């Protein structure tokens, strides 16, 4: 299961909600979604934000889940490239399974992410055939 916006309130991370999910479902069943826009955690369909960086969100939440799905909203669906520096920072922030999405355009990015120990979601690059090249 993936949980995103419900984990965040205007004040920050809802650790009580995260703890409740962990208790009910078990940490291994949980992949928490952390989406960012303009460097801050995006919520409510990417329309609102919380004053947290993705690194802060991951740090607060990693005791409650087994994985994170990070979406870089600024490049989502654009095929302009995923910011590998962001993936490197997040990889150094958590030992949990990390999956990233948002702007991947070519196989070299997927390979670079894999070398960091990060999995990738490559939507438009797959649909457009860019990864076939």
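Laboratory data are not the source of any read-out in this text; all were calculated from the coordinates shown. Just so you know, these numbers come straight off a predicted model, no measurement behind them. Note that we place each Cβ from the backbone using ideal geometry, even for glycine, and neighbour counts take in every protein chain shown.
Please build a GNM for the chain, connecting alpha carbons under 10 Å apart, and tell me which residue among 55, 27, 11 fluctuates the most. Of the options given, 11 has the highest mean-square fluctuation. Against the chain, whose longest principal axis is taken from its Cα atoms, helix 15-25 shows a tilt of about 80°.
Per residue, the convex hull spanned by the Cα atoms of the chain measures out at 98 cubic angstrom.
Descending by average beta-carbon neighbour count within 10 Å, the peptides 37-45, 63-71 line up as 63-71, 37-45, the highest first. For helix 84-93, what angle does its Cα long axis make with the longest principal axis of the chain, in degrees from 0 to 90 and rounded to 10? Taking Cα atoms only, the helix is inclined about 30 degrees.
Between residue 119 and residue 28, the distance separating the two model label sites (each 7 Å from Cα on the Cα→Cβ line) works out to 1.5 nm. Have a look at the DSSP beta bridges in the chain and tell me what percent are antiparallel, nearest 5. Expressed as a percentage, antiparallel bridges in the chain total about 30. Treating r as the C-beta distance of residue 9 and residue 128 and R0 as 41 Å, the FRET efficiency rounds to 0.65. With contributions of -39500 (n - 2.57) from each DSSP H run of at least four residues, the per-residue ellipticity at 222 nm computed over the chain stands at -9500 deg cm²/dmol.
Counting only alpha carbon atoms, the long axis of helix 107-116 and the longest principal axis of the chain meet at about 40°.
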